[in-house]
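Engineer: Below you'll find the structure I mean.
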Amino acid sequence: MVNAVHQQYDAIVLGGGLVGASCALALSKAGYAVALLESHYKPADSSAGTDETTWDSRIYAITPSNQAWLDRLGVWQKLNPERICDIARMQVCGDAQDSQLVFNADDAHIRSLGAIVESGELQQSLWHELLDSDVTLVTETEAVARIAGKQSTQLTMSDGAVLEAALVVGADGANSWLRAQAGIPLSTHDYGQMGVVANFETTLPHHHTAWQWFKRDDGILAWLPMPGNRMSMVWSAPDRIARGLLELNADALSEKVAEAGGYILGDLRNITAARAFPLVQRTAQHLVKPGMVLVGDAAHTVHPLAGQGVNLGFRDVQALLDVLMQGKKRQHIGDYRLLRAYERARKTDIVAMQTLTRGLAELFGMEHSMMKKLRNWGLGFTDRQHMLKKFLMHQAIR
């Protein structure tokens, strides 16, 4: 880790979260000289994540294709297998008793629909691989000014250092500094909801099943399987209900969540404090400018009901690498025409996921009795269409 007075790179990545760290690592392994700027970096604790009594309440469902990509980067195989749980089955329930849609990995002839992993575990694995790579880590400082030239961009740091690169990648989150500096407009849609997350021990085994309930009045409740008799809850609830959940003590929260899920896993015991984050869909109107590109939450955020936020970010990085490698011999890494190919490649995937998640959230929030019958009929109808279900599963595991 260095904070040099003036250093030049092929690419500088702002933000060392899951998407930013994976981007820096992938660029480096592709042969580029890379600096990763993360002002809040903390050295990985080799004992972190091994205590069976400690679980991260922020978890992700990583798709099989992204697992394979992380494996090629040398990251996935560094995870402790005892902290990973495959999803073999997913059951989606409407707000009527006979309304459900069930996905089974076996039906699609695949090993799993995805894998549940804790955010901290995956972050730690990425940092371990980064420390063994050629990526230059720039820490304990932050970018305060940006000067974009024809062939490169200079970033002035808070400690006076200057970093220069042909390409600057904004992976610095939903409130991206780089996006604001570049003057890229942002479209937002506030759902008026919060995502409440917490983990629980269960009385009954989950059999690697994920559940999701669409509840008209209470929002969308998801239970995701974790190793052993444990599950992670993501309750996307109206602000009023979410605040009520946060006010409950551990026993009352356990009872509330167990009741909401119909005691399908028996009684629950809360093992991590409930946390909440506001649900806002954000879309950067442009993903690229000359010499810069946005990935991950800096480019887009989606409703968590499909569990696709970080998966979209990983697909951003893979698409960026594909474009850069295709143009490596004939185009400058920060060339606007080259980067526009990345933007075009990602627009369809991003818009489709945002449209799907927003549409489902709004559809199941409608109170009209005819809409309730229609949406519940739609779940049951889809469940009986085997080819359609297989297609939907393969789309979901990309």
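The values are calculated or read from the model by the stated rules, or taken from the named source; none is laboratory data. For clarity, every value in this text was computed on a predicted model and none was experimentally measured. Glycine also receives a Cβ, built like all others from the backbone with ideal geometry; neighbour counts cover every protein chain displayed.
Engineer: Given the conditions (1) touching a Phe, Trp or Tyr at 6+ places or on another chain (Cβ under 8 Å); (2) at pLDDT below 95; (3) buried (at least 23 other Cβ atoms within 10 Å of the Cβ); (4) among the hydrophobic types (A, V, I, L, M, F, W, C), which single one is not true for ALA21?
Structural biologist: (2)
Engineer: With respect to the numbered conditions (1) in the same structural domain as ASN199 (by TED's automatic domain parsing); (2) free of Cβ contacts under 8 Å to residues at least 40 places away in the same chain, which one is the sole condition not fulfilled by ALA273?
Structural biologist: Only one criterion in (1) in the same structural domain as ASN199 (by TED's automatic domain parsing); (2) free of Cβ contacts under 8 Å to residues at least 40 places away in the same chain is unmet by ALA273, namely (2).
Engineer: Output yes when any residue across region 209-225 is in contact with a helix residue (DSSP H, G or I) (Cβ under 8 Å, 6 or more places away or on another chain), of a type outside the set (D, E, K, R) and on the phi > 0 side of the Ramachandran plot, and no when none is.
Structural biologist: Yes.
Engineer: For residues in region 63-94 being over 20 Å from TRP213 (Cα atoms) and among the aliphatic types (A, V, I, L, M), which is surrounded by the fewest Cβ atoms within 10 Å (Cβ to Cβ)?
Structural biologist: Among residues in region 63-94 that are over 20 Å from TRP213 (Cα atoms) and among the aliphatic types (A, V, I, L, M), the one surrounded by the fewest Cβ atoms within 10 Å (Cβ to Cβ) is ALA68.
Engineer: Evaluate region 185-195: report whether one residue or more is assigned to a helix (DSSP H, G or I) and either farther than 30 Å from ILE241 by Cβ or touching a residue at least 12 places away in the same chain (Cβ under 8 Å) (or both). Steps first, answer last, please.
Structural biologist: Filtering region 185-195 for residues assigned to a helix (DSSP H, G or I) gives none.
Looking for residues that are assigned to a helix (DSSP H, G or I) and either farther than 30 Å from ILE241 by Cβ or touching a residue at least 12 places away in the same chain (Cβ under 8 Å) (or both), one finds none in region 185-195, hence no.
Engineer: Hey, another quick one. Which condition number in (1) surrounded by 15 or more Cβ atoms within 10 Å (Cβ to Cβ); (2) not assigned by TED's automatic domain parsing to the domain that holds GLY20 is the one that PRO205 fails?
Structural biologist: Failing condition for PRO205: (1).
Engineer: Right, here's the next one. Please work out if LEU204 is touching a Cys at 6+ places or on another chain (Cβ under 9 Å) and either aliphatic (A, V, I, L, M) or part of a helix (DSSP H, G or I) (or both).
Structural biologist: Working: touching a Cys at 6+ places or on another chain (Cβ under 9 Å): no; either aliphatic (A, V, I, L, M) or part of a helix (DSSP H, G or I) (or both): yes.
Criteria not met by LEU204.
Engineer: Right, here's the next one. Working only within region 108-160, note down all residues that are touching a Pro at 6+ places or on another chain (Cβ under 9 Å) and charged (D, E, K, R).
Structural biologist: Selection gives ARG111, LYS150.
Engineer: Something else: If you check every pair at least six apart or on different chains, which have Cβ atoms under 9 Å apart with a residue in region 142-166 that is closer than 17 Å to ALA182 by Cα and not assigned by TED's automatic domain parsing to the domain that holds VAL34 first and a residue that is β-branched (Val, Ile, Thr) and surrounded by fewer than 17 Cβ atoms within 10 Å (Cβ to Cβ) second?
Structural biologist: Note: no pairs meet the criteria.
Engineer: What pairs come out if I take residues in region 208-232 that are in the same structural domain as ALA274 (by TED's automatic domain parsing) and in contact (Cβ under 8 Å) with a residue 12 or more places away in the chain and pair them with residues that are hydroxyl-bearing (Ser, Thr, Tyr) and assigned to a strand (DSSP E or B) whose C-beta lies under 6 Å away, six or more apart or interchain?
Structural biologist: Short answer, once both residue conditions are applied: GLY219/SER236; ILE220/SER236; LEU224/SER232; MET226/SER232; ASN229/THR202; MET231/THR202.
Engineer: Determine the pairs where a residue that is at pLDDT 95 or above, located within region 102-125, has a partner that is surrounded by fewer than 19 Cβ atoms within 10 Å (Cβ to Cβ) and in a helix (DSSP H, G or I) with Cβ atoms under 6 Å apart, the partner being 6 or more residues away or on another chain.
Structural biologist: As it stands, the answer is SER125/LYS78, since those pairs meet every condition given.
Engineer: Tell me, please, whether a residue that is farther than 20 Å from TYR60 by Cα and of a type in the set (Val, Ile, Thr) can be found in region 250-260.
Structural biologist: So the first thing to find is which residues in region 250-260 are farther than 20 Å from TYR60 by Cα, and the list is 250-256, 258-260.
Next cut, of a type in the set (Val, Ile, Thr) only: none.
Scanning region 250-260 turns up no residue that is farther than 20 Å from TYR60 by Cα and of a type in the set (Val, Ile, Thr).
Engineer: Determine whether PRO185 is under 30 Å from ASP86 (Cα atoms) and either out of contact with any strand residue (DSSP E or B) (no Cβ under 8 Å at 6 or more places or on another chain) or loosely packed, with under 15 Cβ neighbours inside 10 Å (or both). Lay out the reasoning, then the answer.
Structural biologist: Values: under 30 Å from ASP86 (Cα atoms): no; either out of contact with any strand residue (DSSP E or B) (no Cβ under 8 Å at 6 or more places or on another chain) or loosely packed, with under 15 Cβ neighbours inside 10 Å (or both): yes.
No.
Engineer: Next up: Applying the selection to region 127-155, what residues are of a type in the set (Ser, Thr, Tyr), closer than 11 Å to ALA165 by Cα and not in a loop (DSSP other than H, G, I, E, B)?
Structural biologist: The one that is of a type in the set (Ser, Thr, Tyr), closer than 11 Å to ALA165 by Cα and not in a loop (DSSP other than H, G, I, E, B): THR153.
Engineer: If SER232 passes every condition in (1) assigned to a loop (DSSP other than H, G, I, E, B); (2) among the hydroxyl-bearing types (Ser, Thr, Tyr); (3) within 21 Å of PHE277 (Cα to Cα) but one, which one does it miss?
Structural biologist: Of the numbered conditions (1) assigned to a loop (DSSP other than H, G, I, E, B); (2) among the hydroxyl-bearing types (Ser, Thr, Tyr); (3) within 21 Å of PHE277 (Cα to Cα), the odd one out for SER232 is (1).
Engineer: Among the listed residues GLY307, GLY296, GLY313, which satisfies the condition of being closer than 30 Å to VAL234 by Cα, at pLDDT below 95 and either out of contact with any Lys or Arg (no Cβ under 9 Å at 6 or more places or on another chain) or small (Gly, Ala, Ser) (or both)? Talk me through it step by step, then tell me what you get.
Structural biologist: Values: GLY296 fails: at pLDDT below 95; GLY313 fails: at pLDDT below 95.
Just one listed residue meets the conditions, GLY307.
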